[in-house]
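Working notes for the structure below.
The values are calculated or read from the model by the stated rules, or taken from the named source; none is laboratory data. Predicted model only: the values in this text are computed from it and were never measured. Here the Cβ is made from the backbone with ideal geometry for all residues, glycine too, and neighbour counts use every protein chain on show.
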């Protein structure tokens with residue numbers, strides 16, 4: 001593929017079409033954020049500006065949930081930074097896409113990276129194509145904003161969202177996401193640690209710092225119990241090697 005044109009029209013179109021199956025879930029997820037934004041008193045312009053500049057669904061949910069008349073800026077920054085740490089690894093995995101390209105191409109492409117279009121891009125046989133990645137990001141961005149608008153209009157027409165349990169939407173969304181992340185028994189200890197840390201933080205820490213307490217507890221236990229940290233697996237190959245030498 002020629003590198004003269006960094007964002008080729010056909011690649012952008014293919015990237016958008018590849019993300020088409022994600023339309024229903026993205027627009028529903030965006031609509032829930034729109035409903036929550038009305039509860040927190042954000043204007044539609046503020047919500048759309050956030051979606052344009054941040055474009056990170058989980059981080060936006062956390063930010064909107066923490067939004068108050070007196071905005072806890074430090075808490076929002078730290079909480080969203082923790083949630084978005086995964087983009088460090090995602091960005092590193094996209095080196096083949098942006099290798100040798102100018103900085104403006106990297107900035108334009110990486111800004112519209114979401115978990116979904118990243119996964120679709122990485123599944124392609126030839127991933128060295130920033131146009132494909134950008135096309136998926138543009139598609140998801142438009143769908144996300146459309147969902148925001150629909151949810152905002154819907155939320156504005158509901159006088160008391162608690163009657164319909166819409167105030168629980170934030171918790172329900174993340175509960176559903178959590179179920180999808182379960183990998184088996186290896187996650188049990190970190191999840192229990194995160195739950196205990198959150199409960200303790202809820203009673204001992206102000207505001208939403210319990211979220212960070214739970215996250216820190218889960219990460220710490222995960223790091224300490226990760227199978228790669230044990231030396232036991234190395235012992236067996238070593239013994240086998242010694243036996244082979246004797247034979």
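Residues in segment 31-40: is at least one surrounded by 13 or more Cβ atoms within 10 Å (Cβ to Cβ), closer than 30 Å to residue 128 by Cβ and modelled with pLDDT of 90 or more?
Checked against the condition, which is being surrounded by 13 or more Cβ atoms within 10 Å (Cβ to Cβ), closer than 30 Å to residue 128 by Cβ and modelled with pLDDT of 90 or more, segment 31-40 yields no hits at all.
Any residue at all in segment 127-140 that is surrounded by fewer than 15 Cβ atoms within 10 Å (Cβ to Cβ) and modelled with pLDDT of 85 or more?
Checked against the condition, which is being surrounded by fewer than 15 Cβ atoms within 10 Å (Cβ to Cβ) and modelled with pLDDT of 85 or more, segment 127-140 yields no hits at all.
Somewhere in segment 61-79, is a residue in contact (Cβ under 8 Å) with a residue 12 or more places away in the chain, within 11 Å of the chain's Cα centre (by Cα), assigned to a helix (DSSP H, G or I) and closer than 30 Å to residue 128 by Cα?
For segment 61-79, residues in contact (Cβ under 8 Å) with a residue 12 or more places away in the chain, within 11 Å of the chain's Cα centre (by Cα), assigned to a helix (DSSP H, G or I) and closer than 30 Å to residue 128 by Cα: absent.
Restricting segment 97-108 to residues that are touching a residue at least 40 places away in the same chain (Cβ under 8 Å) and either under 20 Å from residue 56 (Cα atoms) or within 17 Å of the chain's Cα centre (by Cα) (or both), which is surrounded by the fewest Cβ atoms within 10 Å (Cβ to Cβ)?
108
Which residue out of 46, 69 is farther than 13 Å from residue 137 by Cα and modelled with pLDDT of 90 or more?
So the residue among 46, 69 that is farther than 13 Å from residue 137 by Cα and modelled with pLDDT of 90 or more is 46.
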